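Q: I have a structure here, written as structure tokens, and I will follow up with some questions on it.
Since every read-out is calculated from the coordinates, none of them should be taken as a lab result. For clarity, every value in this text was computed on a predicted model and none was experimentally measured. Neighbour counts are summed over all protein chains in view; Cβ atoms, including those assigned to glycine, are modelled from backbone coordinates with ideal geometry.
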């Protein structure tokens, strides 16, 4: 069911060169768009240390629902979830032109973000099927289903995973009219689609989806271990109804990491039985896979036949390889460890700074001899309460020329802006967080991404947040304009 709301507006027109500060994205056919002079209020001549410090230096753990930020971050606005999604979990984000697309376990919402100060709901699409991981290309939207459903329709109902007639996979929508998206296709995949990554082909005729799924339980009929593969879905852009599964390559013929038993407190390693997430860098023919017990570097020069270059393991501090982010040059990869599966309080002194953290890896060598070399861990420096689920989660680069800076979600740990230009000495340069939820339950920011001058966050419980970072170290990023952003499909930016 689609509930129409705010009507779509015209796209902004392209703008001529902005001068020395101007940047642009060069990959994926992205182009600059108009931008007013960014607001510099809040810099106030403060030092970098002062800008990164809490606006209230006396603040410890925030009170229930209290918002605290560093001096250089402003909470612009929050939109609570709409009625169809109020009791359900918000998930990932994608962007196109002046719109944000927010997944939810019950469907997805399209927001008009032409004015980031006042985002508006364009439409809400009710289509249950967790996680509803989301991506967009042109007039198409792709949605992941990773729960046992009675069929592939948006009217399906949940049913036991042991039911042989269960359906899981990827759905395709036509979003040419964003007020009224239309469901056009579905492709079933083994073990469902926990996440997917959009990979444009080199001729612009097809979209490929690298579908990540894993074997959480032997009760799933189509998800019996070993499940050491991904699924590749091919979508003809001119005829998306013909989307189909073209292959399911095995990535770990040796079985991958065998894992180690333990608890959040004592430490454990999840056995590899598939991938959780893959990030591609199409212009460099590279991909990085976060695959439970393994970090993976792929060659994707043949989009239909991704090939493993090298793998890496961390059996001391990494429990679950969750997601990956390249730096702009494609010489580093940030891997996240989702210790506790996102439901545990791991940002405390008992767990420490090396678990439930980011692992920073430099890419060394060339061609098939490339390796991943560990450099350091990064974790937010602020201790959280024992009721707050907190661990490294989804983030994106902030496009600052010549530096490696990203924004990242940490569930109820909030949002961290951090610099990893020196791979051995990462440091936080700004943050946003809320106090614990009033019922002590799980929540927080699922994804926080930088898009066209602002940070947008999908909060599990609170809805849609917009932040503004005001810091000289990230100022030039405010001139970067792209037409589309799927964070797991990285494009390069350069001077323009």
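Q: For Kirkwood radius over Cα pairs in Å, the choices are [x] 22.5; [y] 24.6; [z] 29.8; which was calculated from the structure?
A: It is the one labelled [x].
Q: If you don't mind, there's one more thing I want to ask. Note down the nm distance, to one decimal, between modelled labels 7 Å out along Cα→Cβ at residue 366 and at residue 247.
A: With each label point 7 Å from Cα toward Cβ, the separation is 2.6 nm.
Q: If I stretch the segment between residue 348 and residue 387 completely, what's the gain in nm (0.36 nm per residue apart, minus their alpha carbon distance), one decimal? Before the final figure, lay out each step's value.
A: Values: separation 39, 0.36 × 39 = 14.04 nm, distance 1.08 nm.
Answer, rounded to one decimal: 13.0 nm.
Q: Still on this structure, I have one more. For each of 83, 346, 77, count neighbouring Cβ atoms within 10 Å of the residue's Cβ, then give the residues from fewest to most. Spell out each step's value before the answer.
A: Values: 83 9, 346 29, 77 14.
The order, fewest Cβ neighbours first, is 83, 77, 346.
Q: Once every DSSP H run of n ≥ 4 in the chain is given -39500 (n - 2.57) and the sum is divided by its residues, what mean residue ellipticity at 222 nm do you get, rounded to the nearest 500 deg cm²/dmol? Write down the numbers at each step before the final one.
A: Working: 1 runs with 5 residues, N = 496.
Taking each H run of at least 4 residues, the total per residue is 0 deg cm²/dmol.
Q: Can you sort 190, 146, 177, 302 from fewest to most other Cβ atoms within 10 Å of each residue's own Cβ?
A: Values: 190 22, 146 25, 177 15, 302 10.
In order of increasing Cβ crowding within 10 Å: 302, 177, 190, 146.
Q: Could I ask something else about it? Determine the relative contact order of the chain: mean sequence separation of Cα pairs under 8 Å and six or more apart, normalised by residue count, in whole percent. Please list the in-between numbers first.
A: Working: 1425 pairs, mean separation 87.4, N = 496.
It comes to 18 percent, rounded to a whole number.
Q: Determine, for 281, 450, 105, the number of other Cβ atoms within 10 Å of each Cβ, and report the residues in order from fewest to most.
A: Fewest-to-most Cβ neighbours within 10 Å comes out as 105, 281, 450.
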